[in-house]
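Structure first, then comments.
The numbers here are math on the coordinates, done by the rules we state, and not lab data. The model shown is predicted, which means the values in this text are computed figures rather than measured ones. Reconstructed Cβ throughout: ideal geometry from the backbone, glycine too, with neighbour counts over all protein chains shown.
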Amino acid sequence: MSSNIGPEAQAAYQKYLDAGSLDEKIKRLEEFLSLVPKHKATEKIVALNRSRLAKLKRQQEEHKQRLKSLGKKSPFSIKKEGIQVILISDYYNPGVGKSSILNYLTGAAKKKIGKFTSIPEIGIYKFKKIKFQIVDMPSIMEGASKGVGNGKEILAQIRSSDLICFCIDLSRNFENQMNLILTELSNADIKINIPPPPITIEKTGSNKIQIFYLSSEAQNMENMEDLNEQIIEVVQEAGIRNGIVKIYGEITLAQVVDALTPSVVYKDGIILATKGDLPHTETAYLNLKNHYSSQFPLIIGTSIKKNNFPNKFGEIILEYLDKIKIYTMNISGKVAEKPLIMDKGSTVKDVAFRIHKSFKELFDYAVVIREGARQKKKRVGIDYKLKDNDIIEIHTV
Ligand SMILES: Nc1nc2c(ncn2[C@@H]2O[C@H](COP(=O)(O)OP(=O)(O)OP(=O)(O)O)[C@@H](O)[C@H]2O)c(=O)[nH]1
Ligand SMILES: [Mg+2]
């Protein structure tokens, strides 16, 4: 170990080497990483050890999964239904208004308003026949990422949700609330509103690690040779001996490590500012927007007390998540009431595949009805790109 990491970090590293159990090793390695000064000279040490940590965590996760499959159900394991929207807040001062929002949207949990929510409450909010599962979570305590206040269970649920709503009480200091939540999410490797790094890593059977740079940004990065070598090292350190690494854009070594860390997830988040009816909350709302609009493109001011909440909340969510609604029509001209929810940019092929795998093979042509288009009804091929609210009729051979 080189000497530019400082005596404290060196001591921590020794403890890591001496650690017996997997949990202990992870704890010690995390301690070591928090003590290493972060600068150019230590960049590689940090990356290598984060990669090592990722491998240990993967083993820990596998172990937990095995135990879970033997164990019983907890109120925190929620069966997903439709689009899952999760309401979270901080615990500095409970009573932000989450249960009130859940009740407003779904009618559920009326009795829980004004009482501390200790296990998740769930309701279904329907918008244009689309189901949104609203999950009202117990508030997040300091240290949640280390397990305080059912923190592990809450964070595990957040990982698998489709949208996270940061519920922020405008009558209290918003920075404290945001900081607590963002810190715990970050400690749990949950990244909010940033795209995943442009990289894929696949294990293969060959006997080395191959790296492909697949875009001009990727090919024109500075210090390519160094980076190439470092990537190979961190990939190997994560336990992958044979593999193909594909890089689609500019990337940092830290992002490569993120991609190797199974606990890292990328999630969409919005802010729901609450209690907008209370004194001084108008200024608080403007300040909140000023502070966070670069990280949170969508910040909505609400007051459940005054019934002030977007009435097209479903539409807002779909748009934020880059989803479109596609209505199928059968041969007798009946349009389905419930749309298919597709990613923006989807084609006729994607819809055909969603309806039934065989539809793609048997596809002949489709008719698309688009309200407001110059030609309202159009015969199209399989690669035709669809738009929100399109009606589609698929003809097979
Ligand atoms: N003035 C005002 N009070 C509100 C509003 N929304 C909720 N409250 C009140 O705030 C208190 C707490 O609301 P809850 O909905 O229970 O808050 P919570 O986030 O579920 O609280 P915990 O479960 O304890 O984390 C209740 O007394 C609500 O009536 C609002 O828009 N304006
Ligand atoms: Mg509650």
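Give me the net charge for the shell around Glu393: Cβ to Cβ below 14 angstrom, other residues only, Lys and Arg +1, Asp and Glu -1. So the environment of Glu393 carries a net charge of +4. The Kirkwood hydrodynamic radius of region 260-386, based on inverse pair distances between different Cα atoms, is 18.3 Å. Sorted into 5 angstrom bins from 0, the C-alpha pair distances of region 1-47 split as 5, 26, 31, 23, 12, 4, 0 percent. Placing a label point 7 Å from the Cα of Asn287 along the Cα-to-Cβ line, the residues of region 143-171 whose backbone N sits under 16 Å from it are 168-171. Set the Förster radius R0 to 51 Å, insert the Cβ-Cβ distance between Lys44 and Ile331 as r into 1/(1 + (r/R0)^6), and round the FRET efficiency to 0.05. The calculated FRET efficiency here is 0.20.
Region 53-212 gives an Rg/Rh value of 1.03, both radii derived from C-alpha positions and Rh following Kirkwood.
Out of all DSSP beta bridges in the chain, what portion is antiparallel? Express it as a percent rounded to 5. Display every interim value, and only then the final one.
Working: 29 of 59 bridges.
Counting DSSP beta bridges with both partners in the chain, the antiparallel share is about 50 percent.
A helix-only calculation puts the chain at -11000 deg cm²/dmol for mean residue ellipticity at 222 nm, using -39500 (n - 2.57) for each DSSP H run of at least four residues, averaged over all residues.
Taking other residues whose beta carbon is less than 13 angstrom from the beta carbon of Ile122, and scoring Lys, Arg as +1 and Asp, Glu as -1, yields +2. Semi-axes of the equivalent ellipsoid of the chain are 40, 32, 20 Å, computed as sqrt(5λ) over the eigenvalues of the C-alpha gyration tensor in descending order.
Distance distribution P(r), region 323-396, all Cα-Cα pairs, bin width 10 angstrom from 0: 21, 60, 18, 0 percent. Compactness ratio for region 199-250: Cα radius of gyration over 2.2 N^0.38 Å (N = residue count) comes to 1.09.
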